[in-house]
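These notes are about the structure you will find just below.
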Amino acid sequence: MDNVARKDAGLPYHYDDPAIMDGQLAWQNKLWEFNQTKPTEQDRRAELLKDMCAEIGEGTHVEVPLHANNGCRHVHIGKGVYINAFMSMVDDAPIWIGDYAMFGPSVTIATAGHPILPVLREHHYTYALPVHIGRNVWVGSNVSILPGVTIGDNTVIGAGSVVTHDIPANVVAVGVPCKVLREIGEHDREYYWHDRKLDVVE
């Protein structure tokens, strides 16, 4: 089995294989161009995102700077998504982001990792597993999401968390490693932040 097939199967592969690296610098050039845009060039940013990403929905807004190993060519983003500054995506495998997801600053989504066994790292082995982030998920600042993770719809991931395993839908989850704190429920219809009462419900 060649390295491309091993990568696609989620098996360890040599990351410096030219077949794996094919076109990577060209995609990073597109990302570099995106990161040079001015705040007033919103239409230009939207055009560049459509060219860079595997797919992107309407009304999605991405702040600069943005980093992605493969220039976002393996990133699928839904509509109405907001991504704050300093997002870093290791998009060696696909990243799927659902509609209306929101990301605070300095979030990392990593699809790739390296084996624990030292000799394998010495021989440039890595692996890549897709990440799925559901609809209307809110990811706080400085969160790290690791390879193979799925986060369910409507879930909130607290700032500074490290998401090492799947998180279900409709919960608040926090910590290192990230764990479910509670379900989203009636309390959240009454309070929007600690003891601050909500005056609008949709």
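The values are calculated or read from the model by the stated rules, or taken from the named source; none is laboratory data. Please read all numbers here as calculations on a predicted model, not as lab measurements. Backbone-built Cβ (ideal geometry, glycine too); neighbour counts: all protein chains shown. Protein only, heavy atoms only, side chains kept; ligands, DNA and RNA dropped before computing areas. Shrake-Rupley method; radii C 1.70, N 1.55, O 1.52, S 1.80 Å.
Looking at region 38-140, I'd like the Rg to Rh ratio, where Rg is from alpha-carbon atoms and Rh is Kirkwood's inverse mean 1/r. Let's see the in-between values first.
On the way: Rg = 14.7 Å, Rh = 14.2 Å.
Answer for region 38-140: 1.03.
For the chain, with every protein chain kept in place, what is the accessible area per residue (1.4 Å probe, Å²)? Can you show the working numbers first?
Numbers: 11140 Å² over 202 residues.
Here the per-residue accessible area is 55 Å².
Angle between the Cα long axis of helix 24-35 and the longest principal axis of the chain, 0 to 90 degrees, nearest 10?
Between helix and principal axis, roughly 40 degrees.
Which chymotrypsin sites (Phe, Trp or Tyr not before Pro) in region 1-88 sit in a loop by DSSP (not H, G, I, E or B) and have at most 12 other Cβ atoms within 10 Å of their own Cβ?
Values: sites: Tyr13, Tyr15, Trp27, Trp32, Phe34, Tyr82, Phe86; in loops: Tyr15, Phe86.
For chymotrypsin sites (Phe, Trp or Tyr not before Pro) across region 1-88 that sit outside H, G, I, E and B with at most 12 neighbouring Cβ atoms in 10 Å, the list is empty.
Say we join alpha carbon atoms closer than 10 Å with springs in a Gaussian network model of the chain; which of Gly158, Gly80, Gly23 then has the biggest fluctuation?
Of Gly158, Gly80, Gly23, the most mobile in the Gaussian network model is Gly23.
Would you please give the residues with an amide H less than 5 Å from that of His61, counting only those at least 5 places away or on a separate chain, with H modeled from the backbone geometry?
Val81, Tyr82, Ile83
List every residue whose amide H lies under 5 Å from the amide H of Val156, counting only residues 5 or more places away in sequence or on a different chain, with H placed 1.01 Å from N in the peptide plane.
Trp138, Val171, Val172, Ala173
Per DSSP H run of n ≥ 4, the term is -39500 (n - 2.57); total these for the chain, divide by its residue number, and report the mean residue ellipticity at 222 nm rounded to 500 deg cm²/dmol.
Values: 6 runs with 43 residues, N = 202.
Helix contribution divided over all residues of the chain: -5500 deg cm²/dmol.
With springs connecting C-alpha atoms under 10 Å apart, model the chain as a Gaussian network and identify which of Val64, Val119, Val180 has the largest mean-square fluctuation.
Fluctuation is largest for Val119.
Helix 42-52: angle to the longest alpha-carbon principal axis of the chain, degrees 0 to 90, nearest 10?
The helix 42-52 is inclined about 50 degrees to the chain.
Starting from the alpha-carbon convex hull of the chain, give the projected area averaged over all orientations, in nm². Numbers along the way, then the final one.
Values: hull surface 50.4 nm².
Mean shadow area of the hull around the Cα atoms is 12.6 nm².
Across region 20-82, what fraction of all alpha-carbon pairs, as a whole percent, falls in each successive 5 Å bin from zero upward?
Going from the shortest bin to the longest, the percentages are 4, 19, 32, 26, 13, 5, 1, 0.
Please compute the contact order of region 3-197 in relative form: average sequence separation of alpha-carbon pairs under 8 Å and at least six residues apart, divided by the residue count, as a percent. Please report the intermediate quantities before stating the final value.
Numbers: 493 pairs, mean separation 26.6, N = 195.
Across region 3-197, relative contact order equals 14 percent.
Would you pull out the residues with amide H under 5 Å of Thr150's amide H, same chain only if 5 or more places away, H placed 1.01 Å from N?
His132, Asp166, Ile167
Could you work out which residue, out of Ile184, Ile116, Ile167, moves most in a Gaussian network model of the chain, that is, has the largest mean-square fluctuation with Cα springs under 10 Å?
Answer for the Gaussian network model of the chain: Ile116.
Through the Karplus equation 6.51 cos²θ - 1.76 cosθ + 1.60, θ set to phi - 60°, convert the phi angles of region 74-86 into ³J(HN,Hα) values in whole Hz; use x for Gly and Pro.
10, 9, 10, 10, x, 8, x, 7, 10, 10, 6, 5, 6
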